[in-house]
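First the structure, in the form of structure tokens, and then the observations on it.
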Amino acid sequence: MRALPTVTGRDEFDALVVRTDYHDDQAWQDVMAELTEPWGDRQYEARVHLVDDPAWAEATVDEVLAAVRSDENLAVVFLADRTTMQAESHALLAVTTLTREECVDDEDHEQLTEFGRDFRTVPAGIHDVHANLVIGNLGFEEYAAWAHDDPAGIYRSI
């Protein structure tokens, strides 16, 4: 596994988005435009920390998780991968950063990952997911379940 650069300067209230696909700059521009739009019914400011560095090109989920593991305030990381760039919805991959060791017990970890350690979300959804995980209002597993129930397997922001 390769070592990736350290992510610095992220505020705990900023969703972390890591670009791992560098084949289509226009698609990335479109994704960034969607990520920075106000969100929610109250039109909250979009708070995003973007990692746009070719050193992260083709990084695997495990490589990204290893690189961000030291951020104690991070419960989820969003990847702008090849699927994100090619899909009309630009759905990003949301990945939980929590490990079995960080869960209360095995049952807690099983609940967290009932639908896997990742799911797809539209760009507007990252804000909802990140904000609610930061404040402990909802859990990763709830968003994963909503994505699982969607015909396309994507969490669509409420």
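Coordinate-derived values only; no laboratory data. The model shown is predicted, which means the values in this text are computed figures rather than measured ones. Quick reminder, even Gly has a Cβ in these numbers, built from the backbone with ideal geometry, and neighbours come from all protein chains shown.
Below is a table of values for the structure above.
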read-out	value
Ranked packing of 124-135, 8-19, most packed first, by mean Cβ within 10 Å	124-135, 8-19
Beta bridge orientation in the chain: antiparallel %, DSSP, nearest 5	50
Pair Asn137, Asp150: separation of 7 Å Cα→Cβ label points (nm)	1.8
Estimated distance in nm for a label pair at Ala66 and Ala3, the labels positioned 7 Å out from Cα along Cα-to-Cβ	1.1
Solvent-free Debye scattering, log10 I(q)/I(0), computed from the Cα coordinates of the chain at q = 0.10, 0.14, 0.16, 0.19 Å⁻¹	-0.32, -0.66, -0.88, -1.27
Highest-first arrangement of 34-41, 84-91, where packing means the average Cβ count within 10 Å	84-91, 34-41
